[in-house]
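The block underneath contains the structure these notes are about, expressed in structure tokens.
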Amino acid sequence: NDIVILMNIVLFSETEINQPLSLKDERGKHIIKVLHKKVGETFEAGIINGKAGLSTITQIDENFIHFDFSPKTDGKLLHPVTLIVGFPRPIQLKRLFRDVAGLGVEKLYLCGTELGEKSYMDSNIVSGGAAEKALLEGTVQAKSTHVPELKLFSSVKECLTFVKSEYQIDGKNVDKFNIKTILDNVKPKGSLFSFLQKELKNIDQNQTKPYIYAAIGSERGWTDNERELFEKEGFAPCSMGERVLRTETAATVATTLIMQSLEIL
């Protein structure tokens, strides 16, 4: 039996949106077998990283669904959050991709860590397309069109060097509008939620919207050297309690707390 993926919105690339959709495609199966759509009916659709709207089915033949797409909105925009995550084991990574995409994180930076298993970074989960698929699944689950940006770094130092370059916009240093935290239950200086509340009060949100960077370690956590690198870049060590969480669980909880602090949830 065919396995049909459940979709809250059917996403297409720019080039696909004006082309017939194969009935063998997962999206075609969903439209016919789950939504039970017929000629003249509509389904929710969108362009990846673009507009959302409705598609009207104009014809269904032996091989294809023909449709016309009508954009209605810009889609659900991503939130001003970058997660820096120590590379976890691949099975955790797939869940993490889906969850953070569903929550609407703008960027996800994966980096090698000193205590992390080196073989995890050799996984083909990214190069083989599984990462893109999982991010799309999370985006579809949220009925969104915008997919988080994914970048890989070999080390914390390399990642932070890149992050530092992002503080420069049109030649101006905007770091003062960033809120940066490293999640660490070994040497925290306070709770994540309290830290966010305090920092957000110090930013004039009428002048600019704050941007949040949150770093989450791999399953063995951070080394003292990595903690020092983050703190030199202004990342405040915070905790979400005394319990040790899986990497993907910590990412979901931290993102939820951040969204709540930004009054998004």
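Identify, from the list Gly112, Gly75, Gly102, Gly86, the residue that is in contact (Cβ under 8 Å) with a residue 60 or more places away in the chain, small (Gly, Ala, Ser) and either farther than 18 Å from Phe235 by Cβ or touching a helix residue (DSSP H, G or I) at 6+ places or on another chain (Cβ under 6 Å) (or both). It would help to see each step written out before you state the result.
Working: Gly112 fails: in contact (Cβ under 8 Å) with a residue 60 or more places away in the chain; Gly102 fails: in contact (Cβ under 8 Å) with a residue 60 or more places away in the chain; Gly86 fails: either farther than 18 Å from Phe235 by Cβ or touching a helix residue (DSSP H, G or I) at 6+ places or on another chain (Cβ under 6 Å) (or both).
Matching residue, one of Gly112, Gly75, Gly102, Gly86: Gly75.
Report, ordered by the first and then the second residue, all pairs with beta carbons closer than 8 Å, sequence separation of six or more or different chains, a first member in region 144-155 that is in contact (Cβ under 8 Å) with a residue 12 or more places away in the chain, and a second member that is of a type in the set (Lys, Arg).
The qualifying pairs are Ser144/Lys76; Thr145/Lys51; Thr145/Lys76; His146/Lys76; Pro148/Lys107; Glu149/Lys107; Leu150/Lys107; Lys151/Lys107.
So which of Asn185, Asn202, Asn173, Asn206 ends up being within 14 Å of Pro237 (Cβ to Cβ) and at pLDDT below 85? Explain how you work it out, then say what you get.
Values: Asn202 fails: within 14 Å of Pro237 (Cβ to Cβ); Asn173 fails: within 14 Å of Pro237 (Cβ to Cβ); Asn206 fails: within 14 Å of Pro237 (Cβ to Cβ).
Being within 14 Å of Pro237 (Cβ to Cβ) and at pLDDT below 85 holds for just one of Asn185, Asn202, Asn173, Asn206, which is Asn185.
Check Arg220, Arg243 and return the single one that is among the basic types (Lys, Arg), surrounded by 12 or more Cβ atoms within 10 Å (Cβ to Cβ) and modelled with pLDDT under 90.
Sole residue among the options that is among the basic types (Lys, Arg), surrounded by 12 or more Cβ atoms within 10 Å (Cβ to Cβ) and modelled with pLDDT under 90: Arg220.
Between residues in region 240-265 that are in contact (Cβ under 8 Å) with a residue 60 or more places away in the chain and residues that are basic (Lys, Arg) and open to solvent by 40 Å² or more (accessible area, probe 1.4 Å), which pairs lie under 6 Å by C-beta distance while being six or more apart or on different chains?
As it stands, the answer is Glu248/Arg95, since those pairs meet every condition given.
From the list Thr161, Thr139, Thr181, which one is over 30 Å from Glu44 (Cβ atoms) and surrounded by 22 or more Cβ atoms within 10 Å (Cβ to Cβ)?
Working: Thr161 fails: surrounded by 22 or more Cβ atoms within 10 Å (Cβ to Cβ); Thr139 fails: over 30 Å from Glu44 (Cβ atoms).
Of Thr161, Thr139, Thr181, the one residue that is over 30 Å from Glu44 (Cβ atoms) and surrounded by 22 or more Cβ atoms within 10 Å (Cβ to Cβ) is Thr181.
Among the residues of region 101-121, how many are among the β-branched types (Val, Ile, Thr) and modelled with pLDDT of 95 or more? Can you show your working first?
First, the residues of region 101-121 that are among the β-branched types (Val, Ile, Thr): 105, 113.
Retained after the next criterion (residues that are modelled with pLDDT of 95 or more): 105.
Residues that pass the stated criteria total 1.
Restricting the search to region 18-37, which residues are free of Cβ contacts under 8 Å to residues at least 40 places away in the same chain and open to solvent by 50 Å² or more (accessible area, probe 1.4 Å)? Lay out the reasoning, then the answer.
Within region 18-37, the subset free of Cβ contacts under 8 Å to residues at least 40 places away in the same chain is 19, 24-37.
Hits for region 18-37 are Gln19, Lys24, Glu26, Ile32, Lys33, Val34, Leu35, His36, Lys37.
Leu78 fails exactly one of the following numbered conditions: (1) out of contact with any Asp or Glu (no Cβ under 6 Å at 6 or more places or on another chain); (2) closer than 30 Å to Leu200 by Cβ. What is the number of that condition?
Tallying (1) out of contact with any Asp or Glu (no Cβ under 6 Å at 6 or more places or on another chain); (2) closer than 30 Å to Leu200 by Cβ, Leu78 fails exactly one: (1).
It is to be established whether one or more residues within region 50-64 are within 30 Å of Ala215 (Cα to Cα) and modelled with pLDDT of 95 or more.
Yes, region 50-64 contains a residue that is within 30 Å of Ala215 (Cα to Cα) and modelled with pLDDT of 95 or more.
I need a count of the residues in region 97-121 that are under 15 Å from Ser218 (Cα atoms), open to solvent by less than 10 Å² (accessible area, probe 1.4 Å) and not in a loop (DSSP other than H, G, I, E, B).
Final tally of qualifying residues: 5.
Given (1) closer than 26 Å to Leu78 by Cα; (2) surrounded by fewer than 15 Cβ atoms within 10 Å (Cβ to Cβ); (3) of a type outside the set (Phe, Trp, Tyr), where does Gly40 come up short, assuming only one miss?
Only one criterion in (1) closer than 26 Å to Leu78 by Cα; (2) surrounded by fewer than 15 Cβ atoms within 10 Å (Cβ to Cβ); (3) of a type outside the set (Phe, Trp, Tyr) is unmet by Gly40, namely (1).
The values are calculated or read from the model by the stated rules, or taken from the named source; none is laboratory data. It should be emphasised that the depicted structure is a prediction, and the values quoted were computed from it without experimental measurement. Cβ sites come from the backbone with ideal geometry, for glycine too, and all protein chains shown count toward neighbours. Remember, those area values only see protein heavy atoms, side chains included, never the ligands or the DNA or RNA. Shrake-Rupley method; radii C 1.70, N 1.55, O 1.52, S 1.80 Å.
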